[in-house]
Amino acid sequence: MSTAMNFSSKSFTPRPPDKGAFPLDHFGECSAFKERFMECLRHSGYESAACRQSAMAYLECRMDRPVAQLMANEPLEKLGFKDLINEKSKEKPEKS
């Protein structure tokens, strides 16, 4: 019997996932934000809900570094931080 496999003529081109994985921060541009987030997790018993503010700051840092391509710009509302953004806007009184 032949053990040859039938390969199609189409070649597979891998592509990165849309969300859930992003490149490493080789130059440590956002390492301070990451450390604050990790410290928050340790103090909260690894309860991520208690550290959402730190997580949002970390993701904002990654999105603000387009040259390093750490993360594509994405509205924070789509990343699950809509309630925190609303809190921020309530804290800042509108100037007249």
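Overview of values
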| quantity | calculated |
| --- | --- |
| Residue ID - modelled with the lowest pLDDT, chosen from residues in region 1-49 that are open to solvent by less than 90 Å² (accessible area, probe 1.4 Å) and among the charged types (D, E, K, R) | ASP25 |
| Residue list for region 50-65, restricted to those being among the polar types (S, T, N, Q) and surrounded by 18 or more Cβ atoms within 10 Å (Cβ to Cβ) | SER54 |
| Among residues of region 66-86, those that are in a loop (DSSP other than H, G, I, E, B), more than 12 Å from the chain's Cα centre (by Cα) and surrounded by 13 or more Cβ atoms within 10 Å (Cβ to Cβ), counted | 1 |
| Pairs with Cβ under 7 Å, 6+ apart, first in region 22-44 and without any contact (Cβ under 8 Å) to a residue 60 or more places away in the chain, second open to solvent by 90 Å² or more (accessible area, probe 1.4 Å) and in a loop (DSSP other than H, G, I, E, B) | PRO23/GLN69 |
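The values are calculated or read from the model by the stated rules, or taken from the named source; none is laboratory data. Please read all numbers here as calculations on a predicted model, not as lab measurements. FYI the Cβ positions are ideal-geometry reconstructions off the backbone, even for glycines, and counts take in every protein chain you see. In case anyone asks, the SASA skips ligands and DNA or RNA and just uses the protein heavy atoms, side chains included. Shrake-Rupley method; radii C 1.70, N 1.55, O 1.52, S 1.80 Å.
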